[in-house]
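These notes are about the structure you will find just below.
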Amino acid sequence: MAKQRILNIDSLSLQELDTDADLIPLMTPEDEEEMNNEVLPDTLPILPLRNMVLFPGVVIPITAGRDKSIKLINDANNGDKIIGVVAQKDESVEEPGIDDVNTVGTVARILRVLKMPDGNTTVIIQGKKRFEIDSVTTEDPYLKATVREFEETRPKSKDAEFHTIIESIKELAIQIIKESPNIPTEATFAIKNIESESFLVNFVSSNMNLTVKEKQDLLAISSLRDRALETLRYMNLELQKLELKNDIQSKVRFDLDQQQREYFLHQQMKTIQEELGGVSHDQEVDEIRQKARTKKWNEKTKTHFEKELAKLQRMNPQAADYGTQRNYLELMIDLPWNEFSKDNFDLKRAEKILNKDHYGLEDVKKRIIEHLAVLKLRNDMKSPILCLYGPPGVGKTSIGKSVAEALGREYIRISLGGLRDEAEIRGHRKTYIGAMPGRIIQSLKKAGTSNPVFVLDEIDKLSVSNQGDPSSALLEVLDPEQNSDFYDNFLELGFDLSKVMFIATSNNLSTIQPALRDRMEIINMTGYTIEEKVEIAKKHLVPKQIKEHGLTPKDVVIGKKQIEKIVTGYTRESGVRGLEKQIAKVVRNVAKSIALEEEYDVKVTDENVLKVLGAPKMERDKYENNDVAGVVTGLAWTSVGGDILFIESILSKGKGHMTMTGNLGTVMKESATIALEYIKSNAELLGIEPDIIEKYNVHIHVPEGATPKDGPSAGVAMLTSLVSSFTQKKIKKHLAMTGEITLRGRVLPVGGIKEKILAAKRANIKEIILCEENRRDVEEIKQDYLEGVTFHYVREMSEVIKFAITDQKVKNAKTL
């Protein structure tokens, strides 16, 4: 209380000065009466104060920095030194008007003006009497207003209760000074020597720890008795706070004494350990503690670390658990708690990097750019869990590295193929010998940040064993609503994974646990067209292989025509992994010629390709099926992308039995049965004599019998094959089909349309028959993929027969 505050009314800075005798005038009742008899001017310049209230009789220093305030002080100091001081209602207002200040203020006399080195002006003023603003006369260059005196109601001189209140104020003020360690005891003399009752109330009100509004409310109380009572109430509250604070400090002091006692015990324990084991680990503990000071831990984590460190300190270095405990503490220190790399939100740059590293994959790039855009706008969006689904070799894994480069984040990749131990994800409990954290926590430790791009490769190849189910352990990792507090068994604390951008890769969605699949956003990455493969080879694969084989671009040139020949003649895949192997063979041959100093063609020719790779291996009889009855080209989906398959049927004399070969699954066999029964039921409509069906056995075969085949999508091809065999009519050239059939002759939609279309294009198919409901799937495919292919959409099997079977008989047709 006995300290005066210097308040910067322009910059809200606050500093404390020790009590100066000149700033606490011991005002006598006579001085007060003389001050009250001073005549109040009709008009006063108004100085707004930001964060304090001036009371009559009180001397305060203020620092002025606003141009208007400095102008007002200079003018007043050169004149009668009288100004009006009022408190602002909102201290954040920079240029307060009459509506921004309180109407009740205090007339002040300027005692001294000091120019400070920082350019501000410090003024020492003394309050005289209260006033109330009537009206504003001018606001330029500073506020001026007409004022009237704010009358104060004083109690009668013989009012014993009022005198008791004043005595209580003095006693409480002295008690507060004693309880507060920051106020010098000399301030009690100042309180005791104040004779004026009004000044005592004003002086105490001015120095109490109250808000500006509370002080302004005190100043605006016209009755001295009421003001004294309100001041006494505030003083009681302040005293209670001080007593509570001192009580807390005494308890803390006791805790410190307890810590000192523990310190001596630890020192004794250290000496005993040195005698027993001959090794002191205090330095190691101190180093761990020093490293921990820089960590951005919350209070819970910090407390847990201190507890575990104290446990290490008590342990004998020769104990079996000592190494595990030390590794645990080092893990806590090495983990990037709340340490994040800064994201690069340059979307143009990100798009450029993605296009440079990967040709095609438009849907994936679009989704990543969308994520970057939302993250740029919100800056706090939980990272989505993306799952790139598609056949091998299409660039699922490598796109994660490009995303990390585009974002400016660290890149982590772990392979989950064949993982069968839940502890690989969640870690082992510390009670086990050789316990380690899970691979998620270990990878984050290596990354050094809490927001890397994390690629979970081959998530569909997780397996289950008696060590647990790793895919179930991943549920918490890949759930944006849960992974903000991921619990590792070794760490025994929650770690925030919500800022990590997880990208999973998968070849087969059916093997992923449904609950895990539901937590991820599936992005389909289908195979490449021949044109895309050629561009990928030209831009990426050929330069990569030239570099890996120690050559330069001047040593070997593979033209676009030769690349296309390799693609069509030596590979049939959705990705480009096999293509890269074939290109590597060609480059290796050039490297051999250079090493042996043989002559060779720098520009690879068709003859060179034929010589190095041999005869084309993928030239299958795709175009002869229309010369043999019953051979139909179907479209199939496999784990490595789309493919074509041939459905063959042949008739032999018998009793109408049907047999099937080709390693067919149950669903595929049922499709053949449905097709035959439909033909029997609708023989006349299909132009087939019913007697023929009864006199001939039919055999259906799907080549490549070593490969298991199943699914309903071969239904239309089987039915068409059977009709072709029974009628001995040709199938249309360059035609393929896919769809499920029903006994009513309906054609139902099937999946994997894009992969099947790409396979058809690779096989030089010109026309494709699809179910009408698959039209929407085709419309979602990029038009470049559909170029050169005509689609026929059907609803009934009769339409399929109409499109697929010509009126021409095959050569050497059987006489049925």
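Taking VAL374, is it aliphatic (A, V, I, L, M) and either touching a Phe, Trp or Tyr at 6+ places or on another chain (Cβ under 6 Å) or touching a residue at least 60 places away in the same chain (Cβ under 8 Å) (or both)? Before you say what the answer is, go through the steps one by one.
Values: aliphatic (A, V, I, L, M): yes; either touching a Phe, Trp or Tyr at 6+ places or on another chain (Cβ under 6 Å) or touching a residue at least 60 places away in the same chain (Cβ under 8 Å) (or both): no.
So VAL374 fails the test.
Just checking, which of ILE503, ILE425 is part of a helix (DSSP H, G or I), crowded, with 22+ Cβ neighbours inside 10 Å, at pLDDT 85 or above and among the hydrophobic types (A, V, I, L, M, F, W, C)?
Details: ILE503 fails: part of a helix (DSSP H, G or I).
Result of the check over ILE503, ILE425: ILE425.
Could you tell me whether any residue of region 349-358 is modelled with pLDDT of 85 or more, surrounded by 18 or more Cβ atoms within 10 Å (Cβ to Cβ) and small (Gly, Ala, Ser)?
There is at least one residue in region 349-358 that is modelled with pLDDT of 85 or more, surrounded by 18 or more Cβ atoms within 10 Å (Cβ to Cβ) and small (Gly, Ala, Ser).
Restricting to region 129-142, name every residue that is surrounded by 17 or more Cβ atoms within 10 Å (Cβ to Cβ) and at pLDDT 90 or above.
From region 129-142, those surrounded by 17 or more Cβ atoms within 10 Å (Cβ to Cβ) are 129-131, 133, 142; that's our starting set.
Scanning region 129-142 gives ARG130, PHE131, ILE133.
How about region 675-688: which of its residues are in a helix (DSSP H, G or I) and acidic (Asp, Glu)?
Of all residues in region 675-688, those in a helix (DSSP H, G or I) come to 675-681.
Matches in region 675-688: GLU677 only.
Looking at LEU516, LEU493, LEU497, can you tell me which residue is of a type in the set (A, V, I, L, M), modelled with pLDDT of 85 or more, surrounded by fewer than 21 Cβ atoms within 10 Å (Cβ to Cβ) and more than 24 Å from GLU362 (Cβ to Cβ)?
Numbers: LEU516 fails: surrounded by fewer than 21 Cβ atoms within 10 Å (Cβ to Cβ); LEU497 fails: surrounded by fewer than 21 Cβ atoms within 10 Å (Cβ to Cβ).
Of LEU516, LEU493, LEU497, the one residue that is of a type in the set (A, V, I, L, M), modelled with pLDDT of 85 or more, surrounded by fewer than 21 Cβ atoms within 10 Å (Cβ to Cβ) and more than 24 Å from GLU362 (Cβ to Cβ) is LEU493.
Working carefully through the options LEU200, LEU229, LEU218, LEU237, find the one that is loosely packed, with under 15 Cβ neighbours inside 10 Å and either within 30 Å of THR103 (Cα to Cα) or without any contact (Cβ under 8 Å) to a residue 40 or more places away in the chain (or both).
Working: LEU200 fails: loosely packed, with under 15 Cβ neighbours inside 10 Å; LEU229 fails: loosely packed, with under 15 Cβ neighbours inside 10 Å; LEU218 fails: loosely packed, with under 15 Cβ neighbours inside 10 Å.
So the residue among LEU200, LEU229, LEU218, LEU237 that is loosely packed, with under 15 Cβ neighbours inside 10 Å and either within 30 Å of THR103 (Cα to Cα) or without any contact (Cβ under 8 Å) to a residue 40 or more places away in the chain (or both) is LEU237.
For residues in region 63-92 being closer than 19 Å to MET208 by Cβ and at pLDDT 90 or above, which is nearest to the chain's Cα centre (by Cα)? It would help to see each step written out before you state the result.
Taking region 63-92 and keeping what is closer than 19 Å to MET208 by Cβ, we get 85, 87, 91.
After this cut, where a residue has to be at pLDDT 90 or above as well, the list is 85, 87.
Working: VAL85: 53, ALA87: 47 Å.
Checked region 63-92; the qualifying residue nearest to the chain's Cα centre (by Cα) is ALA87.
Name every residue in region 93-114 that is within 53 Å of the chain's Cα centre (by Cα) and either modelled with pLDDT under 85 or not small (Gly, Ala, Ser) (or both), in order of residue number. Working first, answer last.
Keep residues of region 93-114 that are within 53 Å of the chain's Cα centre (by Cα), which gives 93-103.
Once the filter is applied, which keeps residues that are within 53 Å of the chain's Cα centre (by Cα) and either modelled with pLDDT under 85 or not small (Gly, Ala, Ser) (or both), region 93-114 yields VAL93, GLU94, GLU95, PRO96, ILE98, ASP99, ASP100, VAL101, ASN102, THR103.
Answer yes or no: is there a residue in region 386-395 that is at pLDDT 85 or above, in a helix (DSSP H, G or I), more than 13 Å from the chain's Cα centre (by Cα) and hydrophobic (A, V, I, L, M, F, W, C).
no
Going through region 118-135 one residue at a time, which ones are without any contact (Cβ under 8 Å) to a residue 60 or more places away in the chain and more than 49 Å from the chain's Cα centre (by Cα)?
Here is the first cut: in region 118-135, the ones without any contact (Cβ under 8 Å) to a residue 60 or more places away in the chain are 118-119, 121, 132, 134-135.
THR121, GLU132, ASP134, SER135 - these are the residues of region 118-135 that are without any contact (Cβ under 8 Å) to a residue 60 or more places away in the chain and more than 49 Å from the chain's Cα centre (by Cα).
Mind listing just one residue for me: the one in region 746-762 that is outside any helix (DSSP H, G or I) and within 38 Å of the chain's Cα centre (by Cα) and, of those, modelled with the highest pLDDT?
Step one: list which residues in region 746-762 are outside any helix (DSSP H, G or I), which gives 746-752.
Checking which are within 38 Å of the chain's Cα centre (by Cα) leaves us with 750-752.
On the way: VAL750: 91, GLY751: 87, GLY752: 84.
Among them, the one singled out is VAL750.
Return the residues of region 691-717 that are under 24 Å from LYS655 (Cα atoms) and assigned to a loop (DSSP other than H, G, I, E, B); say none if nothing qualifies.
Keep residues of region 691-717 that are under 24 Å from LYS655 (Cα atoms), which gives 691-702, 715, 717.
Listed by number, the list holds a single entry, VAL702.
It is to be established whether one or more residues within region 693-708 are in contact with a Ser or Thr (Cβ under 9 Å, 6 or more places away or on another chain), in the same structural domain as ARG744 (by the TED database) and under 21 Å from ARG744 (Cα atoms). Working first, answer last.
At the first step, the residues of region 693-708 found to be in contact with a Ser or Thr (Cβ under 9 Å, 6 or more places away or on another chain) are 696-702, 705, 707.
From what's left, in the same structural domain as ARG744 (by the TED database): 696-702, 705, 707.
Subsequent filtering for residues that are under 21 Å from ARG744 (Cα atoms) retains none.
Within region 693-708, not a single residue is in contact with a Ser or Thr (Cβ under 9 Å, 6 or more places away or on another chain), in the same structural domain as ARG744 (by the TED database) and under 21 Å from ARG744 (Cα atoms).
Only one residue in SER402, SER341 is touching a Ser or Thr at 6+ places or on another chain (Cβ under 9 Å), small (Gly, Ala, Ser) and at pLDDT 85 or above. Which one? If you could, list the steps in order and put the result at the bottom.
Values: SER402 fails: touching a Ser or Thr at 6+ places or on another chain (Cβ under 9 Å).
Result: SER341 is the single residue among SER402, SER341 that is touching a Ser or Thr at 6+ places or on another chain (Cβ under 9 Å), small (Gly, Ala, Ser) and at pLDDT 85 or above.
The values are calculated or read from the model by the stated rules, or taken from the named source; none is laboratory data. Just so you know, these numbers come straight off a predicted model, no measurement behind them. Counting neighbours? That spans all protein chains shown, and the Cβs are built from the backbone with ideal geometry, glycine included.
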